[in-house]
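All remarks here apply to the structure that follows.
The values are calculated or read from the model by the stated rules, or taken from the named source; none is laboratory data. As the structure is a computational prediction, the values presented were derived from the model and not from experiment. Using ideal geometry, Cβ is built from the backbone for each residue, glycine included, and neighbour counts are taken over all protein chains shown.
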Ligand SMILES: [Zn+2]
C-alpha cells in the first residue's frame, strides 16, 4: 500500500511540474515574439516609450527564466524533505525535546510542525533572496535593505510562534479527542480564528511591519470621503502606508470588517497617481466590498477547508500514508503530510478560483466606471499601474487563464470601453 501512496503522489507531483513548466515556456515564447518595438499594444502606445516597453518585456522574461530554475529547485527540495529522512528525523528530535521539562501539552506536535516549517523556509531562502536582491533590485523595484529583510524574517518567525503555537495546540486537541465530527469543530475553530485575525491584523500586526499615518487633509482625502459617502461605504479611517521602504510596486487595500474597515494606500501609489486615478482605484475596491466579493471568496475558501478537513479525517487512520514517508501515525504527522503533499492535487483548483476572481475584477471595474460617471479614470489608472509595475502586457492566453487572479490590462480596458 505504501507503494501506492508514493506512486500516486509522484504521478501528481510530476504532472504538476509538467503543467507549470509548459505554461511558463508558452508564456516566455509568446512574450519573446512580441519584443520588437512595433508590437506595443495600441492601448498603451501613447503612454509608454519604446524603452519602457522593452524593459517590461525584459522584466517578464527575467521572471519567467528565474521561474524555470526555482521550479526545479523547489521540487528537489520537496523530494528531499519527503523522502530524504528529514521527517522521521524531525519527529525524533521533536519528541525528545518535548519530553524535557516543562512538558507542555502537544509540545511534540508543535515542535515537529515548526521544525518542518523551518527546514522548508530555510531551503526556500536562496530563492527568496535572489528574487528580492537580484531580480527585483535589477529592475529598480527592490527598496528593502539587508537590515530590514532580516528584521522582517525574525518578526515573521516570532509572530508564527506566538500565533501558531496556541492555534496548533487547539487543532491537535480537537484531532485527538475526536467524536466522529472533530473536523466540523475544527472548521468552526479555524473560521473563528480567521475572524479574530482579520480584526487583529490591522491593529496589532500590520503596524509592527509598517508605519501607518492618517491621510493628510486635502483634496484627495475629501474626495475619498465623498466617494465613500456616495456609495455607502463605511470606513474607520484612511491611512497611508510606507510601502516604499520595501518595494517600488504600488497597491491599495482595505482591512477589517463591517464598519471598522480601514482604507490603506501605499505611499508609492500616492506618488505615482493623479487624484482622479487614485479615486478610480478606490472606487474599484469599494465595488468589491459593496458587491460582497470578499465575503463570497471567504465562503468558497471555507467550503474548500471543509472538504480538506473531511478528507484529513478520513486519512487520519490510514497507516500506509504515514509509513510511506517513514513516520508513525499521529495527528501532527497527518497535518504536516497533508499540507506537504496536497499541493499537486489542489493545484487544479487554481484556475477555477482565478476565474471567479477575474469575474469579480470585471464587476468591480464596472462598478468604478458607473460610480465615477465613465471608465476614463479607471482606464488611466490601470495603464499607469501597468506601466509603472512593468507588468506583462501580453501574457500567453493559457498562462493568464491559469495563473492570473486579475484579467490582463488589455482585457480590462476592452471591457471598460465596451460599457
Ligand atoms: Zn480588484
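Of the residues that sit in the stretch 235-293 and are within 16 Å of the ligand (Cβ to nearest atom) and farther than 25 Å from residue 359 by Cβ, which one is farthest from the chain's Cα centre (by Cα)?
For the stretch 235-293, the residue satisfying everything is 273.
Out of curiosity, is residue 358 loosely packed, with under 15 Cβ neighbours inside 10 Å, in a helix (DSSP H, G or I) and within 16 Å of the ligand (Cβ to nearest atom)?
Judged against the criteria, residue 358 is not a match.
Of the conditions (1) out of contact with any helix residue (DSSP H, G or I) (no Cβ under 6 Å at 6 or more places or on another chain); (2) at pLDDT below 90, residue 316 clears all except one; give me its number.
(1)
Among the residues that make up the stretch 92-111, is at least one of them in contact (Cβ under 8 Å) with a residue 60 or more places away in the chain, part of a helix (DSSP H, G or I) and under 25 Å from the mean Cα position of the chain (by Cα)?
yes
Can you tell me which residues in the stretch 384-402 are within 20 Å of residue 57 (Cβ to Cβ) and either more than 16 Å from the ligand (Cβ to nearest atom) or in contact with a strand residue (DSSP E or B) (Cβ under 6 Å, 6 or more places away or on another chain) (or both)?
Narrowing the stretch 384-402 to residues within 20 Å of residue 57 (Cβ to Cβ): 384-400.
Scanning the stretch 384-402 gives 387, 388, 390, 392, 393, 394, 395, 396, 397, 398, 399.
Quick one: in the stretch 361-374, which of the residues that are under 30 Å from residue 35 (Cβ atoms) and crowded, with 19+ Cβ neighbours inside 10 Å is nearest to the ligand (Cβ to nearest atom)?
Going through the qualifying residues, I end up with 361.
Kindly provide the set of residues from the stretch 174-188 that are buried (at least 16 other Cβ atoms within 10 Å of the Cβ) and closer than 26 Å to residue 118 by Cα, ordered by number.
Answer for the stretch 174-188, where residues must be buried (at least 16 other Cβ atoms within 10 Å of the Cβ) and closer than 26 Å to residue 118 by Cα: 174, 175, 186, 187.
Check 382, 337, 327 and return the single one that is in contact with a helix residue (DSSP H, G or I) (Cβ under 6 Å, 6 or more places away or on another chain), in a helix (DSSP H, G or I) and in contact (Cβ under 8 Å) with a residue 12 or more places away in the chain.
382
Quick check, is residue 74 closer than 30 Å to residue 333 by Cβ, modelled with pLDDT of 95 or more and within 22 Å of the chain's Cα centre (by Cα)?
Taking the combined requirement at face value, the residue satisfies it.
For every residue, the table says whether it meets (1) over 14 Å from residue 382 (Cα atoms); (2) at pLDDT below 90.
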position: 249; (1), (2): no, yes
position: 252; (1), (2): no, yes
position: 265; (1), (2): yes, no
position: 274; (1), (2): no, no
position: 280; (1), (2): no, no
position: 290; (1), (2): yes, no
position: 294; (1), (2): yes, yes
position: 302; (1), (2): yes, no
